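Readers should treat all values here as calculations from the given coordinates under stated rules, not as data from a laboratory. All of these numbers come straight from a predicted model, not from anything done at the bench. Here the Cβ is made from the backbone with ideal geometry for all residues, glycine too, and neighbour counts use every protein chain on show.
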Amino acid sequence: MSVLAYLDDAFAARSGERIVVGVTGPPGSGKTTLAGALARHYRGRYGDGFVGYLPMDGFHLSNTVLAQLNRSDRKGAPDTFDVDGYVALLNRAVHADRDVYAPDFDHTAGEPVAAALVLPATAAPIVTEGNYLALDDELWSPVAGLLTLLFYVDAPTNSRRERLLRRHLAAGRSPESARAWVENVDEPNAALVAGTRDRADLVIDGTIPFL
């Protein structure tokens, strides 16, 4: 079943209700691409007020805080996010009867940007994406209770690594630094996320067009 067909069934089954669509997967799998494509699709079809988009990356701890916590060398690991803030804002968005403002992430600066996104009060679906939506630990497990559906985007290791290398190079890392970051940070995180694959409602191939 295609992603859109799956969502159409969900809308039909929960007519009039707000649903939360989670998109997860390891770094470089294509989850952000899918989540963005879904948001654009529904905005184009029904208007900007129909869908809210909430990326987990907006809840990265700032570089200053990461340095204070001695976690700068593994930015992107589960404990480098404001998990409580993400859960609280997602919960607000689920129950909101007015617009909710949410942070985004500036990949050029490598920093979160406060109140950069609007989750409309009229949103039927809220699309949220991130690595750890299905992680079952003390901090992250509350996320699952807020999701209506969970999609897991997967891709072969080589494809993911190539995407990650390009991303780090574009952000200004040297080839050596980019390769080291993929090996020492991204891949351990990917192994952790892979353990959540079986919790998804639908697994999606991140190497083919989504919509």
Problem - Whole-Hz couplings from phi, Karplus 6.51/-1.76/1.60, listed for the range 195-211; x for Gly and Pro - result: x, 9, 4, 6, 8, 7, 6, 8, 9, 10, 6, x, 9, 10, x, 7, 10
Handout entry: Fraction of the pair-distance distribution of the chain above 31 Å, Cα-Cα pairs, percent
Key = 16
Practice task
Output the antiparallel fraction of DSSP beta bridges having both residues in the chain, as a percent to the nearest 5.
Solution key: 30
Problem - Within-13-Å neighbourhood charge of Ala67 [Cβ basis; K, R +1; D, E -1] - result: +1
Practice task
Could you please rank Tyr42, Tyr6, placing first whichever residue has the fewest other Cβ atoms within 10 Å of its Cβ?
Solution key: Tyr6, Tyr42
